[in-house]
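The values are calculated or read from the model by the stated rules, or taken from the named source; none is laboratory data. What you see is a predicted model; the values in this text were computed from it and never measured. A quick note on method: Cβ atoms are made from the backbone with ideal geometry, for glycine too, and the neighbour counts reach across all protein chains shown.
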Amino acid sequence: MPEPVIVSQNLVKRYQDFVAVDGISFEVAPGESFGLLGPNGAGKSTTMRMIGAVSTRTSGDLSVLGLDPNAYGPEIRSQLGVVPQENNLDMELKVRENLLVYGRYFGLPRARVARRADELLEFAQLADKAGAKVDDLSGGMKRRLTIARALINDPRILLLDEPTTGLDPQARHILWDRLFRLKEQGTTLLLTTHYMDEAEQLCDRLVVVDKGRIMAEGSPADLIRRYSSREVLEVRFGSTQNAEVAGRIEGYGERVDVLPDRILVYSDSGENELERMTAAGLRPITSLVRRSSLEDVFLRLTGRNLIE
Amino acid sequence: MTGPQLSPATVAASARPPRPFSSVYAGNARSVMARGWRATRSTNSLVVLSGFVEPIFYLLSMGLGLGALIGQVQTADGTQVPYAAFIAPALLAVAAMNGAIYDSTWNVFFKMQFAKLYEGMLSTSLGPLDVALGEISLALARGLLYATGFMLVMQALGLNLSWWALLALPAVLLIAFGFASVGMAVTSYMKTFQQMDWITFVLLPMFLFSATFYPLSVYPQGIQYVIQTLPLWHGVELVRALTTGQINLGLLWHVLYYAVMIVVGLFLTTRRLKALFLN
């Protein structure tokens with residue numbers, strides 16, 4: 001078992017009387033892709049900032065690459081690549097200049113930064129935009145440039161805070177593809193997301209965070225197995241009918257969840273449940289059988305939808 | 001708050017203790033300055049030009065125009081000099097102040113509040129003092145450029161009355177350094193555009209009343225004391241003494257005044273940037 005690159009034990013961040021992170025413990029192995037999954041305000045970004053050595057913890061223990069971020073901020077930051085939630089690209093500089101200038105902030109030699117910048121433009125599929133203004137890039141391109149910039153110092157860990165929030169589906173898939181390649185090359189990824197599909201795509205292992213605490217930990221498939229079922233049947237009877245119908249389908253599948261707009265039946269076979277429903281004379285307006293996802297896990301763990 | 005030993009070192013650096021000040025200064029302010037050069041080159045070249053010609057317009061209109069009516073004026077130590085030679089060093093000090101203030105206030109305010117530039121810089125191995133020194137050095141470089149141009153115009157018009165005038169260039173840098181570091185410190189506490197307007201509100205009267213266009217002796221004694229506490233007055237007196245060649249040991253007080261401004265400004269800026277971005 002290789003040494004973990006991040007070890008967090010009982011990590012706490014308190015602002016005056018508000019507790020943003022409330023005793024979080026986890027470890028990340030080198031080369032692993034680790035996710036913090038949770039709704040807005042769960043404490044994900046604050047945790048990321050403490051690991052990124054730009055925020056001081058209130059209590060608990062934290063070790064990044066074997067060092068304490070409170071004492072070795074610059075040393076740790078020199079080994080990290082940071083993709084913040086909001087792009088903070090340098091709008092006064094051109095695309096390639098953004099990479100050159102950022103590399104120099106790390107004190108890296110000019111020639112090495114220039115060579116690396118060209119490689120990264122290629123990797124981020126921005127080589128033909130090298131001389132463009134940042135403002136003229138699309139949202140997806142800006143995001144890829146931010147990721148390229150975070151890689152300029154060949155970081156040992158890449159921190160990604162909500163990497164694809166606000167991007168259209170196509171741009172998301174391009175970005176996931178790039179991140180997947182990094183993972184294949186052995187870069188350790190630590191990412192926050194509130195998208196279940198993103199976590200399933202990119203994370204080897206993840207923790208579900210809510211209100212500053214860890215609710216569950218495991219691989220995506222593992223969590224789905226533990227906290228959900230193989231399939232989910234979603235049915236809608238119309239908002240006035242759902243509650244009434246709920247009483248009649250009690251005991252269906254492994255579990256039934258009644259939401260304001262729909263009913264979820266967790267089962268190994270959604271089709272079977274639907275047939276049973278139809279046989280009982282129930283006629284849903286719409287029905288959908290789908291694979292269970294991390295969304296269902298979150299709902300099960302917290303009683304709430306992930307995106308509210 | 002060292003708890004249980006977590007994991008053995010995975011980075012060689014952990015073997016040695018952190019350098020003193022390593023959390024605020026990485027010794028790489030030049031990369032911040034280089035970034036400023038690039039940005040200025042591509043976006044702000046016109047602003048640079050306007051800052052250069054403004055004091056020259058003042059000198060031509062007031063120094064030569066008004067000067068023809070006024071004739072000779074008495075400097076602080078009682079020597080009579082032509083009016084243009086009296087106000088030229090003051091305008092030089094003002095140009096240094098304005099250049100430094102522009103770079104360290106509006107520019108910095110924008111980068112902090114909107115561009116999130118410092119947030120990006122401080123997630124690299126740079127520290128807040130690198131950022132402060134880099135930004136201020138850029139302001140100084142611009143100040144030096146303006147001042148050199150202005151000195152050449154002064155020389156052409158015969159307004160440098162002594163070889164001591166050569167020392168006016170480092171003096172102007174000192175003035176710019178003082179204003180830039182205090183300007184950046186003040187800006188780092190500002191949150192809105194309205195608050196930024198206060199800076200202009202303070203600078204304009206200081207420009208008009210700091211013995212810029214007439215000797216301090218025209219004021220009653222009480223007001224003289226007030227003017228003598230203002231930073232620009234010290235700058236004007238220092239530069240004027242050098243370009244008119246009236247050297248005395250008392251000038252060191254002006255130098256000391258600026259040295260204190262620099263240290264206090266840098267200290268506050270560094271502390272504030274650290275609180276804002278590395279909390």
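What to note about this one:
- Of residues in the range B:109-131 being more than 17 Å from A:ASN98 (Cα to Cα) and not in a loop (DSSP other than H, G, I, E, B), the one farthest from the other protein chains (Cβ to nearest Cβ): B:PHE109
- Failed criterion for A:PRO169 (all others in (1) buried (at least 21 other Cβ atoms within 10 Å of the Cβ); (2) more than 22 Å from B:TRP37 (Cβ to Cβ); (3) within 19 Å of the chain's Cα centre (by Cα) hold): (1)
- Output for the range B:54-86, where each listed residue is small (Gly, Ala, Ser) and assigned to a loop (DSSP other than H, G, I, E, B): B:GLY71, B:ALA76, B:GLY78
- The range B:105-149, residues that are among the polar types (S, T, N, Q) and under 30 Å from A:ALA71 (Cα atoms): B:GLN113, B:SER123, B:THR124, B:SER125, B:SER137
- Checking A:ASP168, A:ASP204, A:ASP210 one by one, the residue that is at pLDDT 95 or above and among the acidic types (Asp, Glu) is A:ASP204 and no other.
- Test: residue in the range B:170-186 that is assigned to a loop (DSSP other than H, G, I, E, B), in contact with a Ser or Thr (Cβ under 9 Å, 6 or more places away or on another chain) and touching a residue at least 60 places away in the same chain (Cβ under 8 Å): no
Residue-by-condition table, conditions (1) within 14 Å of chain A (Cβ to nearest Cβ); (2) surrounded by fewer than 16 Cβ atoms within 10 Å (Cβ to Cβ); (3) touching a Gly at 6+ places or on another chain (Cβ under 7 Å); (4) assigned to a helix (DSSP H, G or I):
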site	(1), (2), (3), (4)
B:TRP198	no, yes, no, yes
B:ALA211	no, no, no, no
B:SER217	no, yes, no, yes
B:GLU237	no, no, no, yes
B:ASN279	yes, yes, no, no
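- Within the range A:1-47, strands (runs of 3 or more DSSP E) holding 1 or more residues that are modelled with pLDDT of 95 or more, surrounded by 17 or more Cβ atoms within 10 Å (Cβ to Cβ) and within 9 Å of chain B (Cβ to nearest Cβ): A:6-15, A:18-28
- Per the listing A:ILE76, A:ILE51, the residue uniquely farther than 29 Å from A:PHE298 by Cα and β-branched (Val, Ile, Thr) is A:ILE76.
- Answer residue from the range A:175-228, given it is in contact with a helix residue (DSSP H, G or I) (Cβ under 9 Å, 6 or more places away or on another chain) and basic (Lys, Arg) and is farthest from A:LEU159 (Cα to Cα) among those: A:ARG226
- Criterion (in contact (Cβ under 8 Å) with a residue 40 or more places away in the chain and under 19 Å from A:TYR195 (Cα atoms)) met by exactly one of A:LEU299, A:LEU274: A:LEU299
Yes/no matrix, rows are residues, columns are (1) crowded, with 23+ Cβ neighbours inside 10 Å; (2) out of contact with any Phe, Trp or Tyr (no Cβ under 8 Å at 6 or more places or on another chain); (3) touching a residue at least 12 places away in the same chain (Cβ under 8 Å); (4) among the β-branched types (Val, Ile, Thr):
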| position | (1), (2), (3), (4) |
| --- | --- |
| A:ASP136 | no, yes, no, no |
| A:MET141 | no, yes, yes, no |
| A:PRO163 | yes, yes, yes, no |
| A:TRP176 | no, yes, yes, no |
| A:LYS183 | no, yes, yes, no |
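- Residue satisfying all of: in the range A:60-85; more than 7 Å from chain B (Cβ to nearest Cβ) and outside any loop (DSSP other than H, G, I, E, B); surrounded by the fewest Cβ atoms within 10 Å (Cβ to Cβ) among these: A:GLY60
- Among the residues of the range A:131-166, those identified as under 22 Å from A:ARG49 (Cβ atoms) and among the hydrophobic types (A, V, I, L, M, F, W, C) are A:LEU145, A:ILE147, A:ALA148, A:ALA150, A:LEU151, A:ILE152, A:ILE157, A:LEU158, A:LEU159, A:LEU160.
- Take the conditions (1) surrounded by fewer than 23 Cβ atoms within 10 Å (Cβ to Cβ); (2) within 19 Å of B:SER188 (Cβ to Cβ); (3) not basic (Lys, Arg); B:GLY78 misses just one of them, which is (2).
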